[in-house]
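Take a look at the structure below.
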Amino acid sequence: MKIIRTVREMQFNRHHSRGFVPTMGALHLGHLSLIEASKRDNEQTVVSIFVNPTQFAPHEDLAKYPRPFELDCEQAQAAGADIIFAPSVEEMYPVNPTLIHVPKVSALFEGEKRPGHFDGVATVVAKLFNIVNPHRAYFGKKDLQQCAVIRKLISDLNFDIELNLMPTLREADGLAMSSRNQYLNDAERLIAPVIYRELGALALKLKTSQLASKDVDVCLLQSEKVLAENGLKVEYLSLVDAKLMEPTKVIDDNCHLIIAARLGTTRLIDNLRVLDSN
């Protein structure tokens with residue numbers, strides 16, 4: 001496996017069948033499953049490890065974001081990575097960098113709670129696409145709104161890239177795998193799976209009941225109460241169309257429940273396709 005740190009060298013290493021897994025490091029099994037998928041589909045797999053400062057607000061956890069680079073490289077290589085692209089911030093961003101804004105799908109939810117976040121995501125992903133020049137890119141569905149932003153970015157800017165959105169990987173108790181799970185203390189880690197359990201219960205209720213629009217809102221409020229009783233501070237809980245990332249009351253293939261909640265100092269996000277509940 002090769003480690004590349006400059007844009008020039010990465011762009012020089014062209015390949016005719018390349019898969020790409022962009023990450024911020026602190027790899028877990030969810031990331032590794034993306035690398036393994038890329039390994040199956042492509043002759044070469046590139047993994048980027050870059051903690052992108054433009055998607056963090058000033059009050060967020062950029063400074064303490066975990067950076068176990070050597071371990072990440074070992075895990076990525078074991079999963080099938082051929083190249084690690086690990087540029088510095090200075091290598092990636094000039095002074096006063098150009099930013100990309102993806103409208104509509106980035107407006108609500110994470111876009112409201114984290115102003116500027118998706119501009120940072122769209123910008124770094126577009127830059128990485130241009131630098132790595134992949135044929136296929138792999139993202140996890142846990143970050144559902146990010147997936148919608150990337151889908152629109154690829155379409156609107158005419159990137160010739162096949163987008164592969166892979167299922168969320170979960171711990172045995174249902175907690176969605178995330179680099180930020182390591183911030184949870186032991187007591188919080190026992191509480192965190194209630195998010196997925198409540199999403200499942202709520203999805204089943206929505207799927208199996210003939211509910212009026214006002215009843216959907218009541219169900220969402222009831223679930224927020226359950227989560228609050230378990231110590232979670234809900235920032236949003238909504239039923240959305242996953243492609244438009246707008247609230248909906250229609251139960252169809254695109255319908256997902258999405259949530260962001262704080263448990264202690266840790267912010268957790270998750271989602272569940274309503275028709276997948278059982």
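Derivation of every value follows stated rules applied to the coordinates shown; laboratory data play no part. Given the structure is predicted, the values throughout are model-derived calculations rather than measurements. Cβ sites come from the backbone with ideal geometry, for glycine too, and all protein chains shown count toward neighbours.
Ordering 200, 154, 222 by the projection of their Cα atoms onto the charge dipole of the chain, which places +1 on the Cβ of Lys and Arg and -1 on the Cβ of Asp and Glu, puts 154 at the extreme positive end. For residue 42, no residue whose modelled amide H falls within less than 5 Å of its own remains once neighbours fewer than 5 places apart on the same chain are excluded. Annotation: amide H of residue 20 within the under-5 Å range of 46, 136, 137, 138, sequence separation 5 or more or interchain, hydrogens built in the peptide plane. Each of 117, 16, 135 has some number of other Cβ atoms within 10 Å of its Cβ, and from fewest to most they run 16, 135, 117. Over every Cα atom in the chain, the radius of gyration and the widest Cα-Cα span, Dmax, amount to 19.0, 58 Å.
Rounded to the nearest 20 debye, the dipole magnitude of the stretch 5-85 is 220 debye, with +1 charges on Lys and Arg beta carbons, -1 on Asp and Glu beta carbons, and the Cα centre as origin. Taking Cα atoms only, the orientation of helix 29-41 departs from the longest principal axis of the chain by about 60 degrees. Remark: the chain carries a charge dipole of roughly 160 debye about the Cα centre, counting +1 on each Lys and Arg Cβ and -1 on each Asp and Glu Cβ. Rounded, prolate or oblate: pick one for the stretch 2-166, where a ≥ b ≥ c are the square roots of the eigenvalues of its C-alpha gyration tensor, a/c under 1.5 means rounded, and failing that, prolate if a/b is larger than b/c, else oblate. Since a/c stays below 1.5, the shape of the stretch 2-166 is classed as rounded.
Among 118, 12, which comes first, then next, by fewest other beta-carbon atoms within 10 Å?
Values: 118 25, 12 9.
Lowest count first: 12, 118.
In terms of the ratio Rg/(2.2 N^0.38 Å) built on C-alpha atoms, what value belongs to the stretch 25-68?
On the way: Rg = 13.5 Å, N = 44, 2.2 N^0.38 = 9.3 Å.
Here the answer is 1.45, to two decimals.
With the cut-off at 1.5 for a/c, could you classify the stretch 140-278 from its C-alpha gyration tensor as rounded, prolate or oblate? In terms of gyration-tensor shape, oblate. Amide hydrogen proximity for residue 3: with H placed 1.01 Å from N in the peptide plane, the residues at 5 or more positions away or on another chain lying under 5 Å are 84.
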